[in-house]
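Bear in mind that the values in this text are calculations on the coordinates, not laboratory data. Since this is a predicted model, take the numbers as computed values, not measurements. Counting neighbours? That spans all protein chains shown, and the Cβs are built from the backbone with ideal geometry, glycine included.
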Amino acid sequence: MEWLDGYKAVRKNKWKDNGSFYSATFHPEFHPEVGVEYILEDQTVPRKGCGPLAVFDSLDDAKIFKKIIDKEMIIFECKYKKSEHYTFWRHGLNGSLVYNPKDKDIIKMVVSGLKEVIPRTRFADVIILTKEIA
């Protein structure tokens, strides 16, 4: 499968001094069963039994996500390989991300009571962060 260009919103990992980032919704320290760690220029894949990962094809959509979730997040340009899977992980503590069966590129986000539709989210089997941009 070919590499595609996209945008990934992540949080800086303040608990490790290795320059890593973590997924916007779940931190791997607190939710090791679902959280993933991102390192610049390294391939990141979903944890076993979880996934796929979320990525945006539009910088504007990544900025909307950042505004809704956490204004301190960092947006990176990234490369990703599109996933054939359209079922996100589920987690009972804080919420879940679920796809819209009528449009598999739009997900509904339900986290701690927040209900938002995040447009044009793509599903990825692997993501490589390449450059910090916002």
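Taking neighbour counts of Cβ atoms within 10 Å as a proxy for exposure, in what order, fewest first, do T121, T44, T130 appear? Spell out each step's value before the answer.
Numbers: T121 26, T44 22, T130 15.
Arranged by neighbour count, lowest to highest, T121, T44, T130 become T130, T44, T121.
How do V45, V10, V55 rank when sorted from fewest to most other Cβ atoms within 10 Å of their own Cβ? Before the final figure, lay out each step's value.
Values: V45 15, V10 23, V55 26.
The order, fewest Cβ neighbours first, is V45, V10, V55.
Counted by neighbouring Cβ atoms within 10 Å, the residues Y80, Y38 run from fewest to most as Y38, Y80. The trypsin sites (Lys or Arg not before Pro) found in the stretch 32-83 that occupy coil by DSSP, while having at most 10 further C-beta atoms within 10 Å, are K48, K71.
What number comes out for the charge environment of K82, summing +1 per Lys or Arg and -1 per Asp or Glu over other residues with Cβ under 9 Å away?
Numbers: positive: K81, R122; negative: E2, E84, D125.
Residues close to K82 contribute a combined charge of -1.
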